[in-house]
Amino acid sequence: MFKSGFVSIVGRPNVGKSTLLNYIMGEKLSIVSNKPQTTRNNIQTILTTDDYQMIFVDTPGIHKPKHKLGEYMVNSAKESTKDVDLVLFLTNPGDEIGRGDRFILETLKGKKCPVFLVLNKIDEFTQDAVAKTLADFSKEFEFDEIVPISAVKGKNVDKLLDLMVKELPEGPKYYPEDMITDVQERFVVSEIVREKALRCLRDEVPHGIAVDVIQMKQKENGTYHIEVDLICEKDSHKGIIIGKNGQTLKKIGETARYELERFLRSKVNIKIWVKVRKEWRDNALLLKELGYKKQK
């Protein structure tokens, strides 16, 4: 009997959703950064074995939006929990349940599919703190399974995966077995460049940036020629992104090229241009051009 189904991963920003997905897949398919709110699109990632096919929907962190981009991200996350076979609610140990987690739990009430509580980053807290958090959440919501994990170290992730497979219904193979994501290469390229920019830049810049892939061509010798616009909101940010003598931009390009070559399995030449688009996160037309489509 072959099983298949769709799994939505939800949680506040920076609780480790993308890290968990990347560990399960063994591929860096979802942007990971120490900056919150780094995932902006629902990325469908496909895990296929001889016995099952699991399609993950990695969502933006649910948070109170401050601009149109934020509204898009929150609506996108909410939409991802519709018509799925399983929801993983990720959170971290803490002193008490915060407003963000309570807001997400409210959106999950009434779901007909199973909902798992996945408590991530348990290696960073004491056993007492972990136990208290598990007890607190159990009082707030009737979860079908509760699994404490460390996505970074892989602790209990195999156990979580086994429990998830048990919840999958019998079904067809929705995607070819060699397909691991349904997003286009250009999107993954833009996410890789954006991640490297997030890692290299100061705190006041990151969430005011976007990446637009202007050109992506593969030459006869297999080498990719890629040109991207790194979009920021302020002239002062442009200077920070470029850095003294262009050193910051050079570092972004070098680290992005290394990972792009791993992803594309070929040599890559990349050029990055820094462009200022004031208040682009509140510009509906530009958001659409950058791939942030309005949720229905």
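Please verify whether segment 149-158 includes one or more residues that are over 16 Å from I24 (Cβ atoms) and surrounded by 15 or more Cβ atoms within 10 Å (Cβ to Cβ).
Checked segment 149-158: no residue is over 16 Å from I24 (Cβ atoms) and surrounded by 15 or more Cβ atoms within 10 Å (Cβ to Cβ).
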List the helices (runs of 4 or more DSSP H) that sit entirely inside segment 188-296 and contain at least 1 residues that are more than 24 Å from S18 (Cβ to Cβ) and at pLDDT 85 or above. 235-242, 247-264
Segment 4-25, residues that are surrounded by 24 or more Cβ atoms within 10 Å (Cβ to Cβ) and closer than 19 Å to D123 by Cα: V15, K17, S18, L20, L21
Taking first residues from segment 132-143 that are of a type outside the set (S, T, N, Q) and surrounded by 15 or more Cβ atoms within 10 Å (Cβ to Cβ) and second residues anywhere that are modelled with pLDDT under 95 and part of a helix (DSSP H, G or I), the pairs with Cβ under 6 Å that are 6 or more apart or on different chains are F141/L105
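Of all the residues that make up segment 137-184, how many are outside any loop (DSSP other than H, G, I, E, B) and modelled with pLDDT of 90 or more?
Residues that pass the stated criteria total 22.
The values are calculated or read from the model by the stated rules, or taken from the named source; none is laboratory data. As the structure is a computational prediction, the values presented were derived from the model and not from experiment. All Cβ positions, even for glycine, are placed from backbone atoms using ideal geometry, and neighbour counts span all protein chains on display.
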